[in-house]
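Below: the structure, in structure tokens.
The values are calculated or read from the model by the stated rules, or taken from the named source; none is laboratory data. Keep in mind it's a predicted model, so treat the numbers as computed, not measured. Glycine gets a Cβ as well: all are built from the backbone with ideal geometry, and neighbour counts include every protein chain shown. Heads up: the accessible areas ignore ligands, DNA and RNA and are worked out on the full protein's heavy atoms, side chains in. Shrake-Rupley method; radii C 1.70, N 1.55, O 1.52, S 1.80 Å.
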Amino acid sequence: MAKDRKIGVAVDFSRGSNLALKWAIDNLIDKEDTLFFIHVKPSQGNESRDLLWSATGSPLIPLEELRDPDVVQKYEINLDAELLGMLATASSQKKVKVIAKIYWGDARDKICDAVAELNLDCLVMGSRGLGTIQRTFLGSVTNYVMVHATCPVTIVKDPSSHGF
């Protein structure tokens, strides 16, 4: 891949998505890349925000703004210190631009929408490690995105949940 790539990481604040973010930072991103931190929140009824941003998601949120408690409260996201630390390290040490984008709705569809809208070169996401029966009844966001995304998708498994 060329420099100045657009790399997305789907984050739901689970251990698996934090591992995916760490993997992307350690193994994929490089100087001049843009790292898109993508989070999908379930729709919460008919709130005006859901209506306003239901199709396009939030405006792009630079890392500097993501550190602001008012911005975090506005979008109702729970950023932990570890995750913010990983993003800050990527920004300062790897010299990448970090941008967050928040969507509301079904994670499967919205992650695929983000890939197209942001014109991502690749996407990294974690795996919840669902068994065959759970995947059949609950559906797998990971499987759906792998099939429908218009860019390469890397799935990072949590070794502790898969018996490795």
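Name the helices (runs of 4 or more DSSP H) wholly within region 61-127 that hold at least 2 residues that are of a type in the set (D, E, K, R)? Walk me through it before giving the result.
Working: elements: 63-66, 69-75, 81-93, 107-117.
Those helices (runs of 4 or more DSSP H) span 63-66, 69-75, 107-117.
Take region 143-158 and flag every residue that is open to solvent by 70 Å² or more (accessible area, probe 1.4 Å) and either within 17 Å of TRP23 (Cβ to Cβ) or under 14 Å from the mean Cα position of the chain (by Cα) (or both). Give the derivation first.
Start the filter on region 143-158 by keeping residues that are open to solvent by 70 Å² or more (accessible area, probe 1.4 Å), which leaves 144, 146-148, 150, 152, 157.
Once the filter is applied, which keeps residues that are open to solvent by 70 Å² or more (accessible area, probe 1.4 Å) and either within 17 Å of TRP23 (Cβ to Cβ) or under 14 Å from the mean Cα position of the chain (by Cα) (or both), region 143-158 yields MET146, PRO152, LYS157.
Kindly establish whether SER127 is modelled with pLDDT under 95 and touching a Lys or Arg at 6+ places or on another chain (Cβ under 6 Å).
Working: modelled with pLDDT under 95: yes; touching a Lys or Arg at 6+ places or on another chain (Cβ under 6 Å): yes.
Answer is yes for this residue.
A quick yes/no check of all residues on (1) among the β-branched types (Val, Ile, Thr); (2) exposed (fewer than 15 other Cβ atoms within 10 Å of the Cβ); (3) at pLDDT below 85:
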| site | (1), (2), (3) |
| --- | --- |
| ALA2 | no, yes, yes |
| GLY8 | no, no, no |
| SER17 | no, no, no |
| PHE37 | no, no, no |
| TRP53 | no, no, yes |
| LEU63 | no, no, no |
| ASP68 | no, yes, no |
| TYR75 | no, no, no |
| THR89 | yes, yes, no |
